[in-house]
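Engineer: Okay, handing you the structure first.
No lab work stands behind these numbers, since they all come straight from the coordinates. These figures come from a predicted structure and were not determined experimentally. Reconstructed Cβ throughout: ideal geometry from the backbone, glycine too, with neighbour counts over all protein chains shown.
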Amino acid sequence: MNLLTRWSALWRKLYLPTPAPQVLWDLCDRYTEPQRAYHTLQHLSECLDWCDRAGNLAENPAAVELALWFHDAVYNTRRADNEARSADLATQAIDSVGGGDLLQRSIHDLVLATKHDAVPSTVDTGFVVDIDLAILGAKVGRFAQYETQIRQEYAWVPENLFSQKRAEILQSLLNRPSIFTTDFFRERLEHQAQRNLHRSLAVLRKDSG
């Protein structure tokens, strides 16, 4: 299913009309901005693939999918408000087709959860967060590509500083009882994610030392 077909089908699942074509065009334009290397349509497609595999376990699968469409709509490595601005774009799109406040708040909260600064408090938040982090449990080759892509997005950061900050982020994930919140993702990706992160940390600490 191509993105246009999938986008239209999603809004039908939400019992809402499809937004004006410009909304999807703008979203795709954002995911293809030149400063992006990982947070692109490739990442969106990978997230949607995981949504297909796990989404039937969510309380509101359509809400989870819509949040994933918008979760990286705004991405600038020099700013700290990307998720908030992405969430605002999502609520604007919902409002444009008459979606109610409850749905707007729900999607806004799901997108904000991809800041990864709090333990997910709902089933659907857990799935959105785990889907966003699924790359951590990718096979070695894809994980290596992901790391290269992240470094490209932070090319403006000096190597030592990048290695230090990146190591802090990865260590914070390893400090959790588990990287993934849901049983579905723990069973499928936790072991590989642990291996990937430990391997990456060893390299980062060598580079920052």
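Engineer: Apply the Karplus curve 6.51 cos²θ - 1.76 cosθ + 1.60, θ = phi - 60°, to the phi angles in the stretch 105-111 and return the couplings in whole Hz, x for Gly and Pro.
Structural biologist: Per-residue couplings from phi come out as 5, 4, 5, 4, 5, 5, 5 Hz.
Engineer: Also, quick follow-up: DSSP loop (so not H, G, I, E, B), at most 14 other Cβ within 10 Å: list which trypsin sites (Lys or Arg not before Pro) in the stretch 139-209 pass both filters.
Structural biologist: LYS139
Engineer: Mind giving me the FRET efficiency for ASN56 and GLU187? R0 is 22 Å, r the Cβ-Cβ distance, nearest 0.05 is fine.
Structural biologist: Computed FRET efficiency for ASN56 and GLU187 comes out at 0.90.
Engineer: Sticking with this structure for a sec: What base-10 log of the normalised intensity I(q)/I(0) is obtained for the stretch 3-208 from the Debye formula, alpha carbons as equal point scatterers, at q = 0.11 Å⁻¹?
Structural biologist: Per q value, in the given order, log10 I(q)/I(0) is -0.51.
Engineer: Given H placed on each backbone N at 1.01 Å, which residues far from VAL74 in sequence or on other chains put an amide H within less than 5 Å of it?
Structural biologist: SER86
Engineer: For LYS206 and TRP25, calculate 0.36 nm times their separation in residues minus their Cα-Cα distance, and state this gained length in nm to one decimal.
Structural biologist: 60.9 nm
Engineer: Now for a different question. To the nearest 0.05, how large is the calculated FRET efficiency for ARG85 and ARG142 if R₀ is 25 Å and r is the Cβ-Cβ distance?
Structural biologist: It comes to 0.35.
Engineer: What is the stretch 117-209 by shape, rounded, prolate or oblate, if you read a ≥ b ≥ c off the alpha carbon gyration tensor as root eigenvalues and call it rounded for a/c under 1.5, prolate for a/b larger than b/c, and oblate otherwise?
Structural biologist: Details: a/c = 1.92, a/b = 1.74, b/c = 1.10.
Judged from the Cα gyration tensor, the stretch 117-209 comes out prolate (a/c at least 1.5, a/b above b/c).
Engineer: Work through the residues other than GLU190 whose Cβ is under 12 Å from its Cβ and net out their charges, Lys, Arg +1 and Asp, Glu -1.
Structural biologist: For residues surrounding GLU190, the net value is +1.
Engineer: Per-residue HN-Hα couplings for the stretch 84-93, Karplus 6.51 cos²θ - 1.76 cosθ + 1.60 at θ = phi - 60°, whole Hz, x for Gly and Pro?
Structural biologist: These are the phi-based 3J(HN,Hα) values: 5, 6, 5, 4, 5, 4, 4, 5, 5, 5 Hz.
Engineer: Which number do you get for Rg(Cα) / (2.2 N^0.38 Å) in the stretch 47-167?
Structural biologist: The value comes to 1.14.
Engineer: Fewest to most neighbouring Cβ within 10 Å: what's the order for THR77, THR148, THR114?
Structural biologist: THR148, THR77, THR114
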